[in-house]
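One structure is given here, and the rest of the page talks about it.
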Amino acid sequence: MTAAKQSGTPLIEFDNVYKIYVMGDTEVHALDGISMKIYKGEFVAIVGQSGSGKSTCMNIIGCLDVPTSGKYYLRGIDVGTMQDDEQAEIRNKELGFIFQQYNLIPKINVRQNVELPLMYAGLSEKEQTRRALESLDRVGLRSKAENMPQQLSGGQQQRVSIARALAGDPSIILADEPTGALDSKTGRDVLEFLKRLHTEGNTIVLITHDNTIAAQAERVIRIQDGRVTYDGEPDIGKFATVAHAGDKEVGVGDA
């Protein structure tokens, strides 16, 4: 991480964030006092095993959930002070989501899938189409614009989901296990594409359970038992930890 990227106001900041779920008489601390900063232009992997809290982090970053206590700042603004409609606008304009299962709608074509967030943003049909085709061009799939999702390979469907994430020109691309449903070669291709997006100036936050995938980022934040146990360069020998036999998964808000 360069000094230039560390300067100014963080794009994402967690300040002593807790997320507590009540299960009967038990409190489950999915996040247990996490503080971290992510700056514009970084490629950061948040890594941890199932139940570690990484997916809870993702949900809060993506304005899909809110902390029980502590603060989440986006561009220096406390997201917790926003109304639901303001958070929805943040999700639509500031965040581009890439999911493990693509989340494409099978009954509409590729171009229409990419246009969806633009439609919700209130853009004209002409502008939706222009941006969708431009975004598909970036992922090399403009020629498939009128195809149905089921006519594409898994790797192509994931690239469509990347195009959809890029179409709104978001501040943050939030990728949740983006290679999890792909074979190893196609997964490597998707990672290479994410790295290319990063070199073009995009801010990438990658959520993964896989240390070798996390090592492709320029910075790694390891989450274990709801706490940050490592924040630094992607050196597997430094950030990887061995799961203890008999460790139990939290199983709430995390996958």
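Assign unit charges at the C-beta atoms only (+1 for Lys and Arg, -1 for Asp and Glu), then state the dipole size of the chain relative to its Cα centre in Debye, rounded to the nearest 20.
Numbers: 28 positive and 35 negative charges, 173 e Å.
For this selection, approximately 840 debye.
Note on the stretch 90-168: with charges restricted to the Cβ of Lys and Arg (+1) and Asp and Glu (-1), its dipole about the Cα centre is near 60 debye.
About the centre of its Cα atoms, the stretch 31-101 shows a dipole size close to 300 debye [charges on the beta carbon of Lys, Arg (+1) and Asp, Glu (-1) only; nearest 20 debye]. When the alpha carbon gyration tensor of the chain is reduced to an equivalent ellipsoid, the three semi-axes, largest first, read 30, 21, 18 Å. Full extension of the chain between Thr229 and Thr9 yields a length gain of 76.8 nm, computed as 0.36 nm times the residue separation minus the alpha carbon distance.
For the chain, the 222 nm mean residue ellipticity estimated from helices alone, with every DSSP H stretch of n ≥ 4 adding -39500 (n - 2.57) and the total spread over all residues, rounds to -9500 deg cm²/dmol. Ligands, DNA and RNA are left out, and with a 1.4 angstrom probe the accessible area of the stretch 1-149 is 49 Å² per residue. Site pair Gln101 and Met23 shows an inter-label distance of 2.1 nm when each label is modelled 7 Å from Cα along Cα→Cβ. Calculated over the stretch 1-108, the projected area of the Cα convex hull averaged across directions stands at 9.1 nm². Note on the chain: GNM, Cα springs under 10 Å; of Arg196, Arg222, Arg164, the largest mean-square fluctuation is that of Arg196. The residue list Leu174, Ala214, Phe193 was ranked by how far each Cα lies along the charge dipole of the chain toward its positive end, using unit charges on Cβ atoms, and Phe193 comes out on top. Can you tell me what share of the DSSP beta bridges in the chain is antiparallel? A percent to the nearest 5 is fine. Looking only at bridges with both residues in the chain, the antiparallel portion is about 55 percent. Averaged over its residues, the stretch 157-243 has an accessible area of 41 Å² per residue, based on protein heavy atoms and a 1.4 Å probe. Straight-line cross-link partners of Lys185 among the lysines, defined as a Cα under 20 Å from its Cα and at least 8 positions apart when in the same chain: Lys195. The slack in the chain from Ala88 to Asn16, taken as 0.36 nm per residue of separation less the alpha-carbon distance, amounts to 23.5 nm.
Carbon-plus-sulfur accessible fraction, the chain (probe radius 1.4 Å, protein heavy atoms only): 47%. In this structure, Gln150 and Glu192 have a Cβ-Cβ separation that, at R0 = 22 Å, corresponds to a calculated FRET efficiency of about 0.30.
The values are calculated or read from the model by the stated rules, or taken from the named source; none is laboratory data. Nothing here was measured: the structure is a model prediction, and the numbers come from that model. Every residue, glycine as well, gets a Cβ built from its backbone with ideal geometry; the counts of neighbours run over all protein chains shown. For accessibility, only protein heavy atoms count, side chains too; no ligands or nucleic acids. Shrake-Rupley method; radii C 1.70, N 1.55, O 1.52, S 1.80 Å.
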